[in-house]
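Throughout, read-outs are computed from the coordinates displayed, never taken from laboratory work. Because the structure is a prediction, the values reported are computed rather than measured. For neighbour counting, all protein chains shown are included, and Cβ atoms are generated from backbone atoms with ideal geometry for every residue, glycine included.
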Amino acid sequence: MLMCLRTAAEPGVRAGYGMIKWKQEDAGFVDYGLDLLNPDFVKLAESYGCHGYRCAKASDLADLVQSCLAKDGVHVIDTPVRSLS
């Protein structure tokens, strides 16, 4: 389920269930509940018992990765990227 949501929210996939949305629009139906937003990946990681981090600046990434490698456990680093669309 999470991968389906992630794929649906991927930039360039119309930020939702693109094919369904397109067919609804084409048939004249109102857009209803097809736009998705990215989850808070830090909180999502923590909800599974992992360590979650957000890295807002590329210059901080190397140090954060090194810090994660020095610790046990599963680490998720949320690194925003700019949209290509």
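Packing here is the average count of other Cβ atoms within 10 Å per residue, and on that basis the peptides 19-30, 40-51, highest first, run 40-51, 19-30.
For the stretch 64-74, putting each phi into the Karplus relation 6.51 cos²θ - 1.76 cosθ + 1.60 with θ = phi - 60° gives couplings of 5, 4, 4, 4, 5, 5, 7, 10, 6, x, 9 Hz, in residue order, rounded to whole numbers and with x for Gly and Pro.
Taking a ≥ b ≥ c as the square roots of the Cα gyration tensor eigenvalues, with a/c under 1.5 meaning rounded and otherwise prolate when a/b beats b/c, else oblate, which class fits the stretch 39-85?
oblate
May I ask you to list the lysines whose Cα is less than 28 Å away from that of K43, ignoring any residue fewer than eight positions away on the same chain? In chain and number order, the partners are K57, K71.
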